[in-house]
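Visitor: The structure is given below, and queries will be raised subsequently.
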Amino acid sequence: MPVPNIIFIVADDLGYADLGCYGSKANSTPALDALAKNGIRFTQGYSNAPVCSPTRFALMTGRYQYRLRGALEEPLNFKSRGNLLLGLPPEIPTLPSMLKDVGYDTALFGKWHLGFPPKFSPLFSGYDEFFGPLAGGVDYFSHCDSSGIHDLWINQEECHEIGYLTDLISKKALAYIDGKTCNPNDKENPFFISLHYTAPHWPWETREDSHLAAEVKENLFHLHGGNIHTYQKMINHMDEGIGSIVSLLKKNHALDNTLIIFTSDNGGERFSDNWPLVGGKMDLTEGGIRVPWIAHWPEYIKPNQTSSQQCITMDWTATILEIANAIPSKNYQLDGISMLQVLNNSVIEFERPLYWRMHYRSQRAARIGEWKYLKVDDYEYLFNLSQDERERANLGERMPELLRKMRHQWESWDTEMLNIPSDANVTVGYSLKNMPLR
């Protein structure tokens, strides 16, 4: 079987239950729901972090993000412009660079969020083409970041395209895919596309809300605005773009041998639906790190599959590299584990210990089997997630030996990671003065 084209779609701050196939009643995601129905859906898929850029470091490298200084920021922000330390070092092998080594053409359409020029760039880390913002969050119409700096690029050049950013990202991907697949007689290289939407990240703007750009330019967190209806429409705009991509692939007879992956960089934010999970972005409770995982590849993945295999963002990296017959660098051993066998047979499950930490609130977490160890501030918890996904029944006092064991496992893992410097950035965005606790 020839290696597939690969489209890796990442939503920004999407909640676990924001898709119909994960329980949403909003009917905002027919295209993604169809991909899940005709492919495989994971119920125990995690992001590498509960915040944007650290997860993206893990996705690019296939390794725990805590191995790189730039990923210790929570998250990278506009203040790191020009910083020569805070970013994805060009010498580090990345998912796109390793795919290029085995003949793939590579492109990133959407959010980069892994450092700024002159040292850091998508083109320095394996991408042939790039369109999108470099920073974490930008206005959907002005395309300016939180400091008011215009931040939309084509390759290394700033571009001033007019339009709603979600649609611009979809259109660029569509044009690229059409060029690669419109003539079935051409022997094009396989392609790898990172399709990294900023939706449904703040500010809370739909296609009809261009008038809000002037209103929120001083504070893109948009703390005074938004609602669940706007939020769901933002998700729907993204879903429409994904649906157009699927339709184009089908029209050009390229859908069957294209692997489409969908996930989120972290759990949901203010208007998201994380049910039945608690917490959200910036939290190591389940609502901050458990995210949708969908894969669709008709030539390999059977339809109507659901898997409860525990897995994490960087496992996608390892999976894609195995599919593409790419060999990871011996100098940068992967922490991710390939899920290829699970994609074809959702009954397969294996133990997959997972670990997290956050500078914010001194959080720690470990997931081993059905058990989760969690520390927030000065409090420790032990949960049986097979019985208590909402993490409401703390079993730490009833099972102190298991709590100690999991704490020790976390501490042993942590010794392999970089220490978090005291000056590492933490940006929460809002507090109790803006809204009550969730």
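The values are calculated or read from the model by the stated rules, or taken from the named source; none is laboratory data. Since the structure is predicted, the reported quantities are computational estimates derived from the model, not experimental observations. All Cβ positions, glycine included, derive from the backbone under ideal geometry; neighbour counts span all protein chains shown. Quick note on the areas: whole protein, heavy atoms, side chains included, nothing else; ligands and nucleic acids left out. Shrake-Rupley method; radii C 1.70, N 1.55, O 1.52, S 1.80 Å.
Visitor: Go ahead and estimate [θ] at 222 nm for the chain from helices alone: -39,500 (n - 2.57) per DSSP H run with n ≥ 4, summed, over the residue count, rounded to 500.
Guide: Per the formula, -7000 deg cm²/dmol.
Visitor: How far apart, in nm, are the 7 Å Cα→Cβ label points at Asn304 and Glu208?
Guide: My value for the distance between the label points is 3.8 nm.
Visitor: Starting from 0.36 nm per residue, how many nanometres of slack lie between Glu157 and Glu218 once their C-alpha separation is accounted for?
Guide: Fully extending the segment from Glu157 to Glu218 adds 19.4 nm.
Visitor: Further, regarding this structure: Looking at the chain, what % of the alpha carbon pairs are farther apart than 42 Å?
Guide: More than 42 Å apart: 8 percent of the Cα pairs in the chain.
Visitor: Considering only protein heavy atoms and a probe of 1.4 Å, how much of the accessible area of the chain is carbon and sulfur, as a whole percent?
Guide: Reported share for carbon and sulfur atoms: 51 percent.
Visitor: Of all the C-alpha pairs in the range 52-113, what % are more than 17 Å from each other?
Guide: 41 percent
Visitor: To continue, here is another question. What are the residues whose amide H is under 5 Å from the amide H of Gly110, where those residues sit 5 or more places off or on another chain and H is modelled from the backbone?
Guide: Phe131, Gly132, His196
Visitor: What ranking of Ser264, Ser412 comes out by heavy-atom accessible area, probe 1.4 Å, highest first?
Guide: Ser412, Ser264
Visitor: Taking θ as phi - 60°, what are the ³J(HN,Hα) couplings along the range 420-437 by the Karplus curve (6.51, -1.76, 1.60), each to the nearest whole Hz, with x for Gly and Pro?
Guide: Values per residue, Gly and Pro as x: 7, x, 5, 8, 4, 5, 10, 10, 8, x, 8, 9, 5, 6, 8, 6, x, 4 Hz.
Visitor: Which value, in Å to one decimal place, does the Kirkwood hydrodynamic radius take for the range 318-438 when every pair of different Cα atoms is included?
Guide: 17.4 Å
Visitor: Under a 1.4 Å probe, what is the accessible area of the chain per residue, stated in Å²?
Guide: Computed with neighbouring chains in place, this is 40 Å² per residue.
Visitor: State the Cα centre-to-centre distance between the range 44-60 and the range 315-337 in whole Å.
Guide: After rounding, the separation between the Cα centres reads 16 Å.
Visitor: What does a probe at Gln341 reach in the range 281-316, counting residues whose amide N is under 14 Å from the point 7 Å along Cα→Cβ?
Guide: Correct set: 309-310.
Visitor: Pull up all non-local amide H partners of Ser307: gap of 5 or more, or a different chain, and H-to-H distance under 5 Å with H placed in the peptide plane.
Guide: For Ser307, the qualifying residues are Arg41, Phe42, Thr43.
Visitor: From the P(r) of the range 198-278, could you give the percentage of C-alpha pairs in the tail past 15 Å?
Guide: Counting every Cα pair in the range 198-278, those more than 15 Å apart make up 65 percent.
Visitor: Now a separate question. Applying the Karplus parametrisation 6.51 cos²θ - 1.76 cosθ + 1.60 with θ = phi - 60° to the phi angles of the range 298-313, what ³J(HN,Hα) value in whole Hz is obtained for each residue in order, glycine and proline being reported as x?
Guide: x, 6, 10, 8, 6, x, 6, 9, 10, 10, 9, 4, 6, 7, 9, 3
Visitor: Enumerate the amide H contacts of Ser264 below 5 Å, restricted to partners 5 or more residues apart or on another chain; note that Pro and chain-start residues carry no placed amide H.
Guide: The answer is Ala11.
Visitor: How many angstrom lie between the C-alpha centres of the range 230-262 and the range 102-139?
Guide: 21 Å
Visitor: Which ³J(HN,Hα) values, rounded to whole Hz and listed in residue order, are derived for the range 191-197 from phi using the Karplus coefficients 6.51, -1.76 and 1.60 in 6.51 cos²θ - 1.76 cosθ + 1.60 with θ = phi - 60°, glycine and proline given as x?
Guide: So the Karplus estimates, Gly and Pro as x, are 10, 10, 10, 8, 10, 10, 5 Hz.
Visitor: Test of understanding: what is the full-extension gain from Lys25 to Ile348, defined as 0.36 nm times their sequence separation minus their Cα-Cα distance?
Guide: So the extension gain works out to 113.3 nm.
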